[in-house]
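Working notes for the structure below.
The values are calculated or read from the model by the stated rules, or taken from the named source; none is laboratory data. Just so you know, these numbers come straight off a predicted model, no measurement behind them. Virtual Cβ from ideal backbone geometry, glycine too; neighbours counted across all protein chains shown. Surface accessibility is based on the protein's heavy atoms, side chains included, excluding ligands, DNA and RNA. Shrake-Rupley method; radii C 1.70, N 1.55, O 1.52, S 1.80 Å.
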Amino acid sequence: MMRSLRTVSFIALATACLGGSALAADTIKIGVNEPLTGAFAASGTYVVNGAKIAADEINAKGGLLGKQVELVIEDNKSNPTEAAAVAEKLITSDKTPVMMGAWGSSLTLAVMPKLMEYEVPMVVETSSSSKITTTGNPYIFRISPPSSVEAAAFKTIVDKLALKRVDFLVINNDWGRGTAEDFSKMMKEKGIEIGVVETMDQGAQDMSAQLSKLKGTDSETIIVTTAVDQLTLIFKQAAALGLKKRIITTGGSQNPDQIIAQAGAAANGTMHLTTFLPWFPDQTPNPEATKYFISEWKKRGFDFAGCTESFRGYDGIRTAAAAIEKAGKADPAAIKAALWDIDVKGLNGDILFKKSGPSGKESGQSQPNVYLIEIDDGKVGMKSL
């Protein structure tokens, strides 16, 4: 009798375990490593909401390989140490065969050793430090432009802006410092003088000391690189100090509509390098897809301002999904190989990867479009040159 009970219990336990495994196997997981709290929370949340639109769209069309897509979303708290820990959890505990992340360059750079250790690919949707694709990590596939690509795009218009001497105010991390380095190199080649390079911590609220110093230099232009919340403070503080110089922001993480709403008249005259044109859908590479995405974004009750960030999450998940589909299985090695062969119609141009970095250890880099916009009288417009 006892033997029979033990046998029944064992069968029940085995059935439960198999049932749990079968249930887990009913979805294909994609890890999402983004800042949902901390200094970059607003941007990270926009990216995640864009990712959800992509997953819902894929699932409504039947999913991937006959299964539904499941986003496993984790908060890296805008902290590099947390970002690395999140990556390890997504790989070892959640068993995600591919990830998207991790918004900021310092966050992504912290994750990269984990990708190498566990041999799992990641689609980089935002980070712009050139080091991400030049240090020799074959598990990195970036759809956003590195600061060197931004600088190269800006190179074609600096003459029309009549730049003579330029200062920098950048966030004190890999993103900001890398931007100052890449843009300075390009401008020196164009004969433009580089003046002062000021930095600010990512959590800083008062940049008046840096702005006062920049106000007193001979430069006519200031290049600013940081996230949207800090940009809003900078524009307000610059206006309060009577700083009249031209300000151009980089990185595509400005959310100009949010700046207009929060900074008001202080934002007028500022220019921004951006990688998406939700204000002008017909001028994007994929107008119909752009209109669909914006419509879906609004339908969910999200602020239009978030479109300039959220499209990255949308395109990032679609990129990972395309690789899974081409691979034919949710296997990290197969997905990594497939990422080299995809061609996705992204909201900012075709997403296809070219090799970047040391031979044999190349990362993948796509080449999105870069635009210059200007805020004038509280409205976003294309800068006429």
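Odds and ends about this structure:
- Top positive-direction residue, dipole computed over the chain with Cβ charges, set Leu347, Leu211, Ile192: Leu347
- Among the protein heavy atoms of the range 33-117, carbon and sulfur supply 52% of the accessible surface, probe 1.4 Å, non-protein parts ignored.
- Among the chymotrypsin sites (Phe, Trp or Tyr not before Pro) in the range 314-385, those placed in a DSSP loop whose Cβ has at most 16 other Cβ atoms within 10 Å are Trp340.
- Sequence-distant residues sharing a close amide H with Gln367 (under 5 Å, placed H): Leu352
- Segment Thr92-Glu119, length gained on full extension (0.36 nm per residue, minus Cα span): 8.6 nm
- For the range 30-112, the spread of Cα coordinates along the three principal axes comes to 36, 27, 16 Å, biggest extent given first.
- Looking at the chain, the DSSP beta bridges with both ends there are about 30 percent antiparallel.
- Solvent-accessible area of Arg318 with every protein chain in place, 1.4 Å probe, in Å² to the nearest 10: 50
- Nonpolar atom fraction for the range 224-303, defined as the carbon and sulfur part of the 1.4 Å probe accessible area, stands at 52 percent.
- Cα-based convex hull, the chain, per residue volume (Å³, whole number): 148
- Scanning residues 5 or more positions from Lys29 or on other chains, those with amide H under 5 Å from its amide H are Glu70, with H placed 1.01 Å from N in the peptide plane.
- Extension gain for the segment Glu325 to Thr217, taken as residue separation times 0.36 nm less the Cα-Cα distance, is 33.4 nm to one decimal.
- Heavy-atom accessible area, probed at 1.4 angstrom with all protein chains present, ranks Asp341, Asp182, Asp315 as Asp341, Asp182, Asp315, highest first.
- Estimated from helices alone, the mean residue ellipticity of the chain at 222 nm is -14500 deg cm²/dmol (sum of -39500 (n - 2.57) over DSSP H runs with n ≥ 4, per residue).
- For the range 137-239, accessible area per residue (1.4 Å probe, heavy atoms of protein chains only), Å²: 38
- Hz values of 3J(HN,Hα) by residue in the range 98-112 - Karplus curve (6.51, -1.76, 1.60), Gly and Pro given as x: 7, 10, 10, x, 10, 6, x, 4, 5, 5, 5, 4, 5, 6, 3
- Average silhouette area of the range 137-251, convex hull of alpha-carbon atoms, in square nanometres: 7.7
- Each residue of the range 52-67 was assigned a 3J(HN,Hα) from its phi angle through the Karplus curve 6.51 cos²θ - 1.76 cosθ + 1.60 (θ = phi - 60°); the sequence is 5, 4, 4, 5, 5, 5, 5, 5, 5, 9, x, x, 10, 6, x, 10 Hz, with glycine and proline shown as x.
- Point-charge dipole on Cβ atoms (K/R +1, D/E -1) for the chain, about Cα centre, debye to 20: 320
- Part-to-part distance (alpha-carbon centres) for the range 104-125 and the range 247-274, which is given in Å: 29
- Listed residues Thr308, Ala289, Thr225: farthest to the positive end of the dipole of the range 213-317 (Cβ charges): Thr225
- Each residue of the range 312-324 is assigned a 3J(HN,Hα), and the resulting list reads 5, x, 4, 5, x, 5, 4, 5, 4, 5, 4, 5, 4 Hz, derived from the Karplus form 6.51 cos²θ - 1.76 cosθ + 1.60 (θ = phi - 60°), x at Gly and Pro.
- Each Lys and Arg Cβ is given +1 and each Asp and Glu Cβ -1; about its Cα centre, the range 342-385 then shows a dipole of about 240 debye.
- Cα centroids of the range 151-207 and the range 345-385: 18 Å apart.
- Think of each Lys and Arg Cβ as +1 and each Asp and Glu Cβ as -1; about the Cα centre, that makes the dipole of the range 98-170 roughly 320 debye.
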